[in-house]
Protein chains: 2
Amino acid sequence: MLSNKAKYALKALSYLGSKYKEGPVQIAEIAEEKNIPLKFLENILLELRKNEVLDSKKGKGGGYYFAQDPKNVSIAKIIRIIDGPISMLPCVSLYFYKQCDDCDEVSCNLNRVFSEVRDATLKVLEKRSIKDIM
Amino acid sequence: MLSNKAKYALKALSYLGSKYKEGPVQIAEIAEEKNIPLKFLENILLELRKNEVLDSKKGKGGGYYFAQDPKNVSIAKIIRIIDGPISMLPCVSLYFYKQCDDCDEVSCNLNRVFSEVRDATLKVLEKRSIKDIM
DNA sequence: TTAGTAGTCTACTAATTTGGTAGGATAAAA
DNA sequence: TTTTATCCTACCAAATTAGTAGACTACTAA
């Protein structure tokens, strides 16, 4: 399951995407429009900015805006930033690989099936972008 | 990510599957062979029995064994029993459907993409069985 | 130059979930 | 009737999740 945080992130980005190239949008506006706790959303947007998905401007007339075209930002990327790995096992993760401590890749027969799952999942999540949820 | 519990369940079933039709196997044997904490494994196997994946026999010569051919037990089924929903959103889950409390299905545009993800994931997990991880 | 506005940042907290453990009860066999 | 092995309930510690608080910094406009 997606965390609430990731769901909020996607909703906020969907809103920001719909205002792409219309200048900065304030956190408060997004929070109200999308029903997201304001302070929680602050943290989320900050994280997205640090990962260069968004950019921001301070002071009057400031706010957040897309640092790149929303159609080029995949859903997979956002989930990885907010929730971490998409795979169901650490040992088949592409971006968060970690050897399972209780079994090795050779003898453990779970990785074959879960690599297949990962590929199927990523085929959708890498292809779909913020534009698809606007 | 799969929980440890689900990973243990799959490993235990993989072992039991390899002994299908060879009579009951004791928890202790599975635990040792697959490096799973004994008491934790007890709970897991009990849950699988209650869901009619396994059957058991008490007393001497007792143990656990498959209640049906392992090739007919999908990985999806086991994950649902142990971890619950496979979908990334409650509102697109087939077996654990729950309306999102912060958005409705009509206006929320996340469900389209995440239904697609669910379908892709299930295509693998429903097709693959315990036999595939033996 | 000084309000006021809006994001930045660190730290904290409560609730929930995860990953187990403990120990007695029950049932089957010898 | 003792031994063997599962059954079952309850408990616990650690980690994660979901959010809050509050002070700080940067920018804008009067």
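The values are calculated or read from the model by the stated rules, or taken from the named source; none is laboratory data. Predicted model, so just to flag it, every value in this text is computed and none were measured. Positions of Cβ are generated from backbone atoms using ideal geometry, with glycine treated the same way; all protein chains shown enter the neighbour counts. Quick note on the areas: whole protein, heavy atoms, side chains included, nothing else; ligands and nucleic acids left out. Shrake-Rupley method; radii C 1.70, N 1.55, O 1.52, S 1.80 Å.
Values computed for the structure shown
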read-out: Matching residues in the range B:106-121 - criterion: being touching a helix residue (DSSP H, G or I) at 6+ places or on another chain (Cβ under 6 Å) and more than 9 Å from chain A (Cβ to nearest Cβ); value: B:111, B:115, B:118
read-out: Given (1) out of contact with any Gly (no Cβ under 9 Å at 6 or more places or on another chain); (2) hydrophobic (A, V, I, L, M, F, W, C); (3) within 9 Å of DNA strand C (Cβ to nearest atom), number of the condition residue A:88 does not satisfy; value: (3)
read-out: Residue check for residue A:47: modelled with pLDDT of 95 or more and away from DNA strand D (no atom under 13 Å from the Cβ); value: no
read-out: Single condition residue A:36 does not satisfy, out of (1) within 9 Å of DNA strand D (Cβ to nearest atom); (2) farther than 20 Å from residue A:122 by Cβ; (3) loosely packed, with under 15 Cβ neighbours inside 10 Å; value: (3)
read-out: Selected residue (only one of A:59, A:63 is away from chain B (no Cβ under 13 Å), surrounded by 18 or more Cβ atoms within 10 Å (Cβ to Cβ) and either out of contact with any Pro (no Cβ under 8 Å at 6 or more places or on another chain) or touching a residue at least 12 places away in the same chain (Cβ under 8 Å) (or both)); value: A:63
read-out: Residue under evaluation residue A:98, criteria (1) within 16 Å of DNA strand D (Cβ to nearest atom); (2) within 14 Å of another protein chain (Cβ to nearest Cβ); (3) at pLDDT 95 or above, criterion not met; value: (3)
read-out: Complete set of residues in the range B:17-56 that are within 14 Å of chain A (Cβ to nearest Cβ) and away from DNA strand C (no atom under 16 Å from the Cβ); value: B:17, B:18, B:33
read-out: Qualifying positions in the range A:122-133 - more than 7 Å from chain B (Cβ to nearest Cβ) and either among the hydrophobic types (A, V, I, L, M, F, W, C) or open to solvent by 60 Å² or more (accessible area, probe 1.4 Å) (or both); value: A:122, A:126, A:127, A:130, A:131
read-out: Residue list for the range A:66-81, restricted to those being in contact (Cβ under 8 Å) with a residue 60 or more places away in the chain and either among the charged types (D, E, K, R) or within 12 Å of chain B (Cβ to nearest Cβ) (or both); value: A:71, A:75, A:78, A:79
